[in-house]
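Everything below concerns the one structure shown next.
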There are 2 protein chains.
Amino acid sequence: MSDPRDDLRPGESAVEAPAPSDAVLRFIGRIETPWTTRNECPHHGDPVAGPVCKVIVDDLWGDALTGIERHSHLQILYWMFQARRDLVLLSPRARPEPTGTFSLRAPTRPNPIASSIVALVERQGSVLLVRGLDCIAGTPLLDIKSSQAK
Amino acid sequence: MSDPRDDLRPGESAVEAPAPSDAVLRFIGRIETPWTTRNECPHHGDPVAGPVCKVIVDDLWGDALTGIERHSHLQILYWMFQARRDLVLLSPRARPEPTGTFSLRAPTRPNPIASSIVALVERQGSVLLVRGLDCIAGTPLLDIKSSQAK
């Protein structure tokens, strides 16, 4: 899917990338948040003061949530389905000069997989209530992991 | 690809999942480590004392590394290509009872995307020398991000 931004900002750069075809993903559920457009989304999720969002896991994978209540924090991977995938240099508002995609966490990247650490507020069956997400409502869910010890 | 383990351990459980076809990935490079089989791999990467490994980015994406030297730590996403994708309950050696896939960080998961925080030792062109990986040599690379502030 194409990015709503058709034009590059000054200094930004894209490549002619071959069609992605090396591996396939299956969506395992979806994320519900208060935000319906990318412009509304916060820049970073806030696991402390952010609004409670829903991580809705498809019934097929329900058993994979066994024991999840043990964790105060989880890592959520999701698919930024609106992001273009050919950008190599980006000009974020906060930086004076174009910066490489891999030096940033912007959604526009070759494989638009987002990773967020969230606080688990409550489990309701196959639905997790969490704080700390920053994506739009309806975002496809890819994975849930126990949060990496650091 | 199938897991070398053909049999489930007691208490483990798999589901009949449809073929994954919701989104496609492109590999952007590969990872070279000292380990050639899964059994040799450490359980967790160690960004301090772990061996230096190579993250080799395909030339197409070289410009996306611009500014990466600014970061002491990076988040690496990679594809655990040997892991089976249908397991919902796992019996890790360290736990007495079967635990849900999403409560763990095991490679066997619906979308076998691994996420590691690594220390950046040195950049050599399109190759990053890093500490903190735990995967086998030849693992496909999916993404590099600046490490999330926590």
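Values quoted throughout were computed directly from the atomic coordinates according to the rules given, and no laboratory measurement underlies them. What you see is a predicted model, and the numbers here were worked out from it, not measured in a lab. Here the Cβ is made from the backbone with ideal geometry for all residues, glycine too, and neighbour counts use every protein chain on show.
What are the nm distances, shortest first, from B:ILE56 to its equivalents in the other copies, labels at 7 Å along Cα→Cβ?
The projected label point of B:ILE56 is separated from its counterparts by 4.4 nm.
Per-residue mean of other chain beta-carbon atoms within 10 angstrom of the beta-carbon, peptide B:63-73? Spell out each step's value before the answer.
On the way: counts 10, 14, 5, 12, 10, 6, 1, 3, 2, 0, 1.
That works out to 6 on average.
Through the Karplus equation 6.51 cos²θ - 1.76 cosθ + 1.60, θ set to phi - 60°, convert the phi angles of the stretch A:18-24 into ³J(HN,Hα) values in whole Hz; use x for Gly and Pro.
Karplus values, whole Hz, x for Gly and Pro: x, 4, x, 7, 8, 7, 10.
Take the alpha carbon atoms of chain B, find their radius of gyration, then divide it by 2.2 N^0.38 Å using N residues; give the quotient. All intermediate terms of the calculation are to be shown ahead of the outcome.
Details: Rg = 16.4 Å, N = 150, 2.2 N^0.38 = 14.8 Å.
Compactness ratio reported: 1.11.
A:THR37 label points, 7 Å along Cα→Cβ, one per copy: pairwise distances from this copy to the rest in nm, shortest first?
5.7
Does the protein assembly as shown come out rounded, prolate or oblate, given a ≥ b ≥ c as the square roots of the eigenvalues of its C-alpha gyration tensor, rounded meaning a/c under 1.5 and, failing that, prolate meaning a/b above b/c? The partial results should precede the final answer.
Details: a/c = 1.62, a/b = 1.20, b/c = 1.35.
Cα axes put the protein assembly as shown in the oblate bin.
Nm distances between the label at B:GLY125 and the same-position labels in the remaining copies, 7 Å along Cα→Cβ, shortest first?
Inter-copy label distances (nm, one decimal, shortest first): 5.6.
Student exercise: in the protein assembly as shown, how many lysine pairs 8 or more apart or on different chains have Cα atoms under 23 Å apart?
On the way: A:LYS54/A:LYS145; A:LYS54/B:LYS150; A:LYS145/B:LYS145; A:LYS145/B:LYS150; A:LYS150/B:LYS54; A:LYS150/B:LYS145; A:LYS150/B:LYS150; B:LYS54/B:LYS145.
Number of lysine pairs found: 8.
Per residue of B:138-144, count partner chain C-beta atoms within 10 Å of its C-beta, then hand back the mean as an integer. Provide the component values of the computation, followed by the final result.
Working: counts 0, 0, 2, 2, 6, 10, 7.
Other-chain Cβ atoms within 10 Å of each residue's Cβ, averaged: 4.
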